[in-house]
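**Student:** Pasting a structure below so you can have a look.
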Amino acid sequence: MLRGKVEPDGKENWIVLEFMSRLLHQIMEQLNTANPISLTDMKQELGRAVAILDKANSASPVKDFRSSAGALSNIDEEIETSLYSDEVCEEVREWIATTFARTTPGMRRKSLARRHTFRSVVQAVKASLYVNSESLQSTLPKYFSFLHLPRFEGEAGRSLSFKEVCRLDNWTFDPFKFNDVSGGHPLRYIGHELFTRYDLLAKFKITGGTLDRFLLSIQNGYKKPQNPYHNELHATDVAHSVHYFLSRVGLMHCMNDLEIFAILLSAIIHDVEHTGTTNNFHVNSRSHLALLYNDRSVLENHHLCFAFTVLKSRDQDIFASLTPEQYSDIRTLVVDMVIATDMSSHFEQLRTMKAALSVLGNQIEKSQALEFVLHVSDIANPAKDWELHRQWTSRIMEEFFCQGDRELELGLPISPLCDRSVTCIPESQLGFIEFVVLPAFDVCSEMLDILLETKTSQAADELGLEGCGGKERAWVAPLADNRRRWKEQCQTPSKDGINETRTASNHSLASRTSFGANELGRVDENRNKSPRNSKGYLTPIIS
């Protein structure tokens with residue numbers, strides 16, 4: 001029987017035809033071999049093909065991607081209709097259109113590596129490829145003992161408390177507190193912890209010293225620009241979210257070791273040496289990076305270049321023991337995943353995944369799902385607890401308005417939601433949650449339910465995977481709560497009849513951040529330098 005070799009690309013509107021073409025070609029190849037498939041197997045595969053065509057024909061047809069003349073050309077119709085309602089202000093609409101949709105025909109890198117399909121949780125358990133949650137819990141003390149950094153390069157580090165390490169398994173993990181207890185080395189600690197938990201050091205023959213030197217270089221790459229948002233804390237947060245999808249949601253049970261290695265590494269490096277500005281800023285300012293990468297996913301290409309340059313150093317090469325085939329496969333996976341964090345591909349990814357799920361079900365490409373999980377992890381902080389979300393909001397606010405100040409100084413058009421004088425936090429965050437984050441998490445949840453069979457699989461229940469039996473996932477309640485809070489602030493009038501959040505929300509948001517008084521003072525100083533009057537702040541979260 002033909003198993004898992006034929007899959008659609010999922011990136012074009014000919015998704016069904018391409019899938020059928022590959023399937024029929026493979027049947028022909030099997031018939032021409034010395035050991036052709038049996039008549040029974042052929043009937044089964046042709047029956048599968050007919051069933052897929054019937055499903056595609058009965059379901060709503062996959063819509064063509066429209067002309068790129070408009071920035072919203074590839075946004076889902078339902079989202080687009082809501083976006084143009086009277087409830088959404090023009091600036092938020094413009095920001096979503098110019099940030100999360102491509103304004104020029106996309107040039108997505110097409111993977112050359114052989115594709116794999118998902119196996120179910122049951123298959124993974126039967127094959128005994130991974131340990132279950134009980135054995136993972138029983139070995140946690142081993143991971144804890146690994147986190148004594150003095151063994152690496154004589155660094156006078158410190159040990160994390162066992163309690164803080166265990167919180168890595170909670171969706172409410174606090175990267176700011178983790179930064180404090182790790183002595184300012186959050187990415188270094190979480191990198192060691194995750195590589196040890198998934199036994200990557202042993203499986204890929206990586207020495208502890210090599211990993212430590214690599215993580216230090218990447219962490220320093222995040223620290224050097226001194227960005228308030230795109231820094232080692234953000235990378236730690238994304239790495240934790242990916243770990244949560246792997247362990248608690250169960251994605252690890254349908255991935256091989258190299259794919260786990262790839263997605264964890266991608267999370268760690270995905271924003272290294274970020275400039276604190278957007279891709280559009282680089283293109284509009286004609287920066288060196290924009291010229292170097294020809295205006296295509298400028299920052300994402302730079303992050304990859306930086307990380308793989310570090311890996312060329314012998315004493316930091318965690319790929320040193322990989323075979324040439326393994327290196328080619330993991331490089332392809334990492335490049336594809338990091339490039340997919342370019343926010344301008346958001347609506348394209350969303351529509352592609354929805355189309356693939358409706359037509360192919362659990363036969364979607366594994367690499368496509370990995371890209372989507374990393375992207376969702378990158379925009380996940382509105383789905384965390386309010387206090388965490390509020391801290392992230394203050395940090396991205398600092399970056400966005402600093403970019404607006406620079407654009408003003410350079411005589412460039414001020415990017416949407418980067419103008420101190422006209423932007424409002426509640427409206428921007430509500431728009432971001434309703435049109436970007438919520439739809440992405442809904443599709444991601446559907447994808448995970450289908451791939452992991454969490455609603456029906458007995459194995460999923462035995463493993464204690466989140467969402468089994470239709471139980472609510474950890475991000476549902478925080479996302480709804482944060483949406484409600486922003487909506488209430490949008491609708492709360494002041495005594496003068498104007499939303500009080502337009503004038504006061506910047507102070508309330510910054511009050512609990514780890515920035516403290518100095519950083520808030522820096523915001524006020526920047527605001528005073530600007531000739532524009534200050535109002536409420538926007539806080540979009542983009543790469």
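The values are calculated or read from the model by the stated rules, or taken from the named source; none is laboratory data. Note that the structure is a prediction, hence the values are computed from the model and not measured. No Cβ is skipped: glycine too gets one built from the backbone with ideal geometry, and neighbour counts run over all protein chains shown. Surface areas here come from the heavy atoms of the whole protein model, side chains and all, with no ligands, DNA or RNA. Shrake-Rupley method; radii C 1.70, N 1.55, O 1.52, S 1.80 Å.
**Student:** Around GLU94, with a cut-off of 13 angstrom between Cβ atoms, what is the net charge of the other residues, counting Lys and Arg +1 and Asp and Glu -1?
**Tutor:** -3
**Student:** Using a 1.4 angstrom probe, figure out how much accessible area the stretch 195-353 has per residue, in square angstrom, rounded to the nearest whole.
**Tutor:** 31
**Student:** How far apart, in nm, are the 7 Å Cα→Cβ label points at ARG484 and ASP180?
**Tutor:** 2.8
**Student:** In the stretch 341-409, what percent of the accessible surface is made up of carbon and sulfur (1.4 Å probe, ligands and nucleic acids excluded)?
**Tutor:** Answer for the stretch 341-409: carbon and sulfur cover 45 percent of the accessible area.
**Student:** Tell me, what is the FRET efficiency for GLU387 and GLU325 to the nearest 0.05, using R0 = 45 angstrom and their Cβ-Cβ distance as r?
**Tutor:** 0.45
**Student:** If I ignore ligands, DNA and RNA and count only protein heavy atoms, how much of PHE281 is accessible to a 1.4 Å probe, in Å² to the nearest 10?
**Tutor:** Roughly 10 Å² of PHE281 is accessible to a 1.4 Å probe.
**Student:** Between SER287 and MET42, what is 0.36 nm times their sequence separation minus the Cα-Cα distance? Round to one decimal in nm.
**Tutor:** Gain on stretching SER287 to MET42: 82.5 nm.
**Student:** Okay, next question. State the volume of the convex hull built on the alpha-carbon positions of the stretch 171-262, expressed per residue in Å³ and rounded to an integer.
**Tutor:** Looking at the stretch 171-262, the number lands at 97 Å³ per residue.
**Student:** Still on this structure, I have one more. Relative to the compact globular guide of 2.2 N^0.38 Å, what is the alpha carbon radius of gyration of the stretch 197-347, as a ratio?
**Tutor:** Rg over 2.2 N^0.38 Å, computed on Cα atoms: 1.05.
**Student:** Right, another one. Based on the alpha-carbon gyration tensor of the stretch 220-302 and its eigenvalue square roots a ≥ b ≥ c, which shape applies: rounded if a/c is under 1.5, prolate if not and a/b is larger than b/c, or oblate?
**Tutor:** The shape class here is prolate.
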